[in-house]
Amino acid sequence: MKTSEFNFSLAAADGQIIRGVYRDTYKGPVGIFLHGLSSDAEGTKSMRLWSQAEQLNRSWIRFDMRAHGKSDGTFPEFNISRAIEDTKLALSLFEGRRKVLVGSSMGGWVASQIALDAAMNVCGTVLIAPAFNFVNGIYLSVSPEEQEEWRETGFKTFESPYPDCDYTMSYSAVLDSLQYDVFSFPVSYNHPVKILHGALDDVVPSDQSLDFQKHADSEIEVSILPDGDHRLTDHADLIESAVNEIWPD
């Protein structure tokens, strides 16, 4: 069966370039992995799912959002609108084909938004510890004095829980994020949605995924993994199984 792999570079509306790689079997759905904050297309989960796609001969995309990995942009420019734009740009490589979304942490929030867009032709979604509304959550987590300074200066730098991943976020990113508050508008999906979340997650509480399940006006399967942390890298087999379960015949 014919399969091709390509590196790609695509220009966003502002001229900055997103970069990634895809494999194409020239038929059937295409899967895509959406990485988390300060991560990229070379992460452990991304590469495991890429290998799974190779083994099962599936079309697949992995790419870096702007301000991440090999793509253009600096982190102070980053916001959720740009992440959504970048994802739709990558998916435009397979216009007309059905899409399977797999999003981790921030990528899970982005995937939850893409999956609502009928034009994206999504047929299955897996969310891994989705960090719904995390940008505004960061803003609300700091003191009123820090919030005021953030608004006045326009930027604030944060220490990441992961080595060498500190980041500076703009206040405009906070304002941008409010339109994607998944609990502020009706949510309904016309395809299977699975959520995997670690009970030991100290970055995004697993209760948030359960709240999302209750909020959504559609059936969503949530699996809380008793020994799972935020990254769930020790549960790659379960992630792969979730993708297999929603992958259409």
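The values are calculated or read from the model by the stated rules, or taken from the named source; none is laboratory data. On a predicted model such as this, the values are computed, not experimentally measured, just so you know. Glycine gets a Cβ as well: all are built from the backbone with ideal geometry, and neighbour counts include every protein chain shown.
Quick notes on this structure:
- Selected residue (criterion: farthest from the chain's Cα centre (by Cα)) from residues of the stretch 125-161 that are β-branched (Val, Ile, Thr) and under 25 Å from residue 183 (Cα atoms): 142
- Count of the stretch 232-249 residues which are surrounded by 13 or more Cβ atoms within 10 Å (Cβ to Cβ), in contact (Cβ under 8 Å) with a residue 60 or more places away in the chain and in contact with a strand residue (DSSP E or B) (Cβ under 8 Å, 6 or more places away or on another chain): 6
- Residue 210 aliphatic (A, V, I, L, M), at pLDDT 95 or above and in contact with a Gly (Cβ under 7 Å, 6 or more places away or on another chain): no
- When the stretch 218-231 is limited to residues that are under 27 Å from residue 190 (Cα atoms) and charged (D, E, K, R), the one that is surrounded by the fewest Cβ atoms within 10 Å (Cβ to Cβ) turns out to be 219.
- Residue list for the stretch 62-89, filter: under 26 Å from residue 237 (Cβ atoms) and either surrounded by fewer than 22 Cβ atoms within 10 Å (Cβ to Cβ) or more than 13 Å from the chain's Cα centre (by Cα) (or both): 69
- Residue pairs whose Cβ atoms lie under 8 Å apart, separated by 6 or more positions or on different chains, with the first residue in the stretch 215-229 and of a type in the set (Ser, Thr, Tyr) and the second in a loop (DSSP other than H, G, I, E, B), are 218/187; 218/188; 218/189; 218/190.
- Test: residue in the stretch 140-149 that is surrounded by 13 or more Cβ atoms within 10 Å (Cβ to Cβ) and either under 23 Å from residue 209 (Cβ atoms) or touching a strand residue (DSSP E or B) at 6+ places or on another chain (Cβ under 6 Å) (or both): no
- Total residues in the stretch 189-247, condition under 19 Å from residue 53 (Cα atoms) and among the hydroxyl-bearing types (Ser, Thr, Tyr): 2
- Any hit, the stretch 15-37, residues being small (Gly, Ala, Ser), over 22 Å from residue 167 (Cα atoms), outside any strand (DSSP E or B) and free of Cβ contacts under 8 Å to residues at least 24 places away in the same chain: yes
- Count of the stretch 44-66 residues which are assigned to a loop (DSSP other than H, G, I, E, B) and either more than 18 Å from residue 18 (Cβ to Cβ) or at pLDDT below 95 (or both): 3
- When residue 131 is tested against (1) within 16 Å of residue 59 (Cα to Cα); (2) among the small types (Gly, Ala, Ser); (3) in a loop (DSSP other than H, G, I, E, B), exactly one condition is not met: (1).
- Cβ pairs under 9 Å, 6+ apart, first in the stretch 133-157 and touching a residue at least 40 places away in the same chain (Cβ under 8 Å), second of a type in the set (D, E, K, R): 133/181; 135/176; 136/181
- Test for residue 124: is it in contact with an Asp or Glu (Cβ under 9 Å, 6 or more places away or on another chain), in a strand (DSSP E or B) and surrounded by 15 or more Cβ atoms within 10 Å (Cβ to Cβ): yes
- Every residue from the stretch 31-40 that is closer than 19 Å to residue 125 by Cβ and surrounded by fewer than 23 Cβ atoms within 10 Å (Cβ to Cβ): none
- Given (1) closer than 17 Å to residue 246 by Cβ; (2) touching a Lys or Arg at 6+ places or on another chain (Cβ under 8 Å); (3) part of a helix (DSSP H, G or I), number of the condition residue 112 does not satisfy: (2)
- Criterion applied to 57, 133 was being surrounded by fewer than 17 Cβ atoms within 10 Å (Cβ to Cβ) and closer than 25 Å to residue 196 by Cβ, and the one residue passing it is 57.
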